[in-house]
1. Determine which member of the set 42, 81, 109 is touching a helix residue (DSSP H, G or I) at 6+ places or on another chain (Cβ under 9 Å), modelled with pLDDT of 60 or more, loosely packed, with under 12 Cβ neighbours inside 10 Å and more than 30 Å from residue 128 (Cβ to Cβ).
2. Whether any residue in the range 142-162 is surrounded by fewer than 20 Cβ atoms within 10 Å (Cβ to Cβ) and over 25 Å from residue 70 (Cβ atoms) is what I want to check.
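The values are calculated or read from the model by the stated rules, or taken from the named source; none is laboratory data. Bear in mind the structure is a predicted one, so any value in this text is a computation, not a measurement. Please note: Cβ atoms are built from the backbone with ideal geometry, for glycine as well, and neighbour counts cover all protein chains shown.
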């Protein structure tokens, strides 16, 4: 095996990547987990307790295999924190959006399952396929809505939503 010198273009690319990586920050933004389970910390939820001008207006439009789904009871809104992000990744297989049978969600195990974050979760009635959360501060949220089609077992719809600038965010699940 012979060793050939790098072509000039490859050499330049390698030097550029090395220079850029030397300038890259080594810290991660606050509130963004970098992997693994996150410990429950009430301080991570403090931002969500503030009052704000933002709102989330939601409606259920979910359909599967020609069947439409309706709300079972109420919609839940959970602040996006390192703890809840890790928890939702385990429960729903995603931190962006999911439609998972409620029985599957209940059967999954999360670390620190007894952490009491329920005091930070907001709940609103879902009537006629619609719900609204108002008075929200800017931030990331996990929206959770149990739905059902006829007599079938319920599904849980999950979607991550950002509130910014006191605006109303319209969400169709």
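1. On the way: 42 fails: loosely packed, with under 12 Cβ neighbours inside 10 Å; 81 fails: loosely packed, with under 12 Cβ neighbours inside 10 Å.
Result: 109 is the single residue among 42, 81, 109 that is touching a helix residue (DSSP H, G or I) at 6+ places or on another chain (Cβ under 9 Å), modelled with pLDDT of 60 or more, loosely packed, with under 12 Cβ neighbours inside 10 Å and more than 30 Å from residue 128 (Cβ to Cβ).
2. yes
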